[in-house]
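Structure record follows, encoded as structure tokens.
The values are calculated or read from the model by the stated rules, or taken from the named source; none is laboratory data. Fair warning: this is a prediction, and the values are worked out from it, not measured in the lab. Here the Cβ positions follow ideal geometry from the backbone for every residue, glycine too, while neighbour counts run over all protein chains shown.
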Amino acid sequence: MPKNVIMPALGVAQETGRVLKWLKTNSEQVIEGELLLEIETDKATVELDAPASGILRDVTAFAGDEVPVGTIIARIWAAEDTANIEEKPAAEFAQTSVSDLSRQPPSTATHVHTTPSSDSIRNRVPASPKARRLASERKIDLNSLAPSDSRSPLIASTLPGVDRSASQGLTSSRTPGRIWRIMAERMEEAWKNIPHFYLVRELDASNLIAWRESLRSSPHQITYTDLIVKKVAGCLLEHPYLRSEWKSGEVQQHDEINIGIAVATDDGPVVPVIRNVDKITTEEFAKRRKQLVEGAQAGKLTPQEFSGGIFTISNLGMYGVDFFQAIVNPPQAAILAVGRIAPRVVPVKDQPAVRYMITLGLTCDHRLVDGTRAARFLGDLARSLEQDRTEQG
């Protein structure tokens, strides 16, 4: 009896997955536990292991194909069984899902996929999965691009290369990738459906700067984001309304302090989540944050590493931004926007003085938080950052 390879559901809201690359070819021997293929969800790229040892057959989903979760995309047969496989049309087998297997034996839903001929493999343009996806989205025929063609940078899946191809009569419009499209759809929905309101607080960053300086000897590079997140975690413990979410018309409060950090990637912004921030040290947080940021930028995080956040922080200070207003990341109650630290002239004991200041912007969902509660939270956070540089937890 063969072992089915199915498109897994790696997140609660995931409906489909895209095949990026098979690491084994049809009719190849595979060993249980070794890497079999790469798939892409709306949040991450995931490597799947072979569920059994045997011969990989019946592959029906290929690089670039988007498949509903639960669909059988291949089977692994024991070597002694492959000689008796009954052939079946690919279209029929491709529609088989896990639920269908309860009504028919595996041997009646099998198709032997014929591998491409040696000529077609030899003539195939050597493009990466990302390049093939971009070409498909922009309706560019990769086979029309000769190696010496000025448009060949597309093969390396670089956006400038695709843009240069426009000069050869191809479209120059930017087609967003999957992650960007999902982000755009969610932000559009959030903007339409969430009653946003905004609070702004400027505060003296002198103690924040001194706190970071005191941690220079740490083996982990401590950032201002790390310190601010730790302070936010401490304040969230005292402000339950800020760690709630709107779900099916009801307010649900969370006990775990799981905080999402907005990260820029080539495919669009993502928000990996660090769990139980209040229970780990600043150095432990910095280490975990670095791992998640690098994983997000490489597209190697799992959907679980994006889930469970109760509050989000977005810091654009490193880009020279003084202040901005962020959009709430649903179903969370609030998001904190962090600007840069910069010297400004401010009154100190009724006299002008230069101080390093930072501006925080708190965006809230008015269904979950009212102005007074949000102001108290932001005030407590400001006082904690200005007056006390001891880490929380």
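Structural remarks
- Qualifying residues in region 38-81 (those that are at positive phi and assigned to a loop (DSSP other than H, G, I, E, B)) - the one surrounded by the fewest Cβ atoms within 10 Å (Cβ to Cβ): Gly70
- Any hit, region 209-220, residues being under 25 Å from the mean Cα position of the chain (by Cα), within 27 Å of Ile179 (Cα to Cα) and either surrounded by fewer than 18 Cβ atoms within 10 Å (Cβ to Cβ) or in the same structural domain as Arg376 (by TED's automatic domain parsing) (or both): no
- Contact map, region 252-273: first residue touching a residue at least 12 places away in the same chain (Cβ under 8 Å), second residue of a type in the set (Asp, Glu), Cβ cut-off under 6 Å, separation 6 or more or different chains; pairs are Ile257/Asp278; Pro272/Glu305.
- Subset of region 32-49 that is among the aliphatic types (A, V, I, L, M) and at pLDDT 85 or above - its residue that is farthest from Asp65 (Cα to Cα): Leu35
- Any hit, region 238-261, residues being over 30 Å from Arg376 (Cβ atoms) and surrounded by fewer than 22 Cβ atoms within 10 Å (Cβ to Cβ): no
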